[in-house]
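What follows is one structure encoded as structure tokens, with my remarks underneath.
Read-outs throughout are calculated quantities, based only on the coordinates presented, and are distinct from any laboratory measurement. In this text the structure is predicted, and so the values were computed from the model without any measurement. Cβ placement follows ideal geometry from the backbone for every residue including glycine, while neighbour counts extend to all protein chains displayed.
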């Protein structure tokens, strides 16, 4: 019986697609999160080899190109192939919303690497453009994955700060491999119209007294990787502090040069980059919206004379306030004259309007004189019993509701120190109301509501 010749394979075109091979790449450090995500890869690569049946006459393929395939075994016969050109097309599958990425079977993850450079691709100008598009698409996928990881971190509010730092460090390494800025990504309004720091503040427990050796929390880690922060980011963080009425956290952030930078003159005077003033807020129990604030203002007179302005910001009764000492630079209609020392109280951004009745109290500081001699003279006895001076009390009450910026009708309570005889002495050298260490101590007592003619604005 005559054997049948083998069936000729169907003619193939010049370009035949070889079955794809899956490769897995991952960041050098695995994103490990307790109860958050499993160890996973950031992306998957699909390698497609496009092969020419016959080489071109002037093919510039280098000598180190992949060897040709002599035979391909199959049940129906074999097909002979010749020299091949290899193009690498990265195709990444990643979720842009939630990044719960699963391991890829038994394939071991490899470090994340940049997409192949266009300069290494074979061919002419068209090939270069194709590789540029692919690299751009890969960067977008890595960006979406990093944003998803950050979203999950904030959503779960992991109390293991070391794990959070490890994840952020891995995100930073992945971003650097793709020419992305983690600082920029952290300051995008990528989570429901706000930055990750905003949500970290809203979801965290109220700030408490922490030792200097305390491990930084998630918020501190986020701010550290986001630095330098932009004014828009600072505004978003301040807004979150206001929503949670977290005065302690607000003051903690206020001690950072990025959040409350000093003017150049204050830096020279104080030899510091952060405001050294101390602010303590006490919300008085009751339904009248009463509160009290204690201030310690260092180098008060020197800063007023040189910088012309001292701003003290704080949060009380679900509002952000500013108490400001200033010297009037230009006279205004129905306002203090030019050169007057003034006190003003106003609302800051995102604060709801309110009426307020308040007073600023500046007591004479307690003197700590040196030990008197065993037999004091008459003059020493006279000096030892100085006549007590009255406490400075400046009334700050609103004639209309205070409105916060950026409202065009924003208002402030402005009072000149010259309206009080004792208060005007604060601008004179050697005044007894300023301590020997040049610190001015003052107390603001306030309640939210209309001021009455016979009211003394007592909050007790």
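A viscosity of 1.567 mPa s and a temperature of 4 °C, combined with the Kirkwood radius over C-alpha pairs in the Stokes-Einstein formula, give segment 282-344 a diffusion coefficient of 95 µm²/s.
The label point for residue 438 and the one for residue 410, both projected 7 Å from the Cα toward the Cβ, are 3.1 nm apart. Counting pairwise Cα distances across segment 232-315, what percent come out greater than 17 angstrom? Cα-Cα pairs of segment 232-315 separated by over 17 Å account for 53 percent. Between the C-alpha center of segment 267-340 and that of segment 397-436 there is a gap of 9 Å. By the Kirkwood approach, averaging reciprocal distances over each pair of separate Cα atoms, segment 198-343 gets a hydrodynamic radius of 17.2 Å. The stretch between residue 451 and residue 427 holds 5.8 nm of extra length on full extension. This uses 0.36 nm per residue minus the Cα-Cα distance.
For segment 181-260, the mean projected area of the C-alpha convex hull, equal to one quarter of the hull surface, is 5.1 nm².
For segment 392-436, report the convex hull volume of the alpha-carbon atoms normalised per residue, in Å³, without decimals. Don't skip to the answer; put the middle values down first.
Numbers: hull volume 5.0 nm³, N = 45.
In segment 392-436, the Cα hull volume divided by residue count equals 111 Å³.
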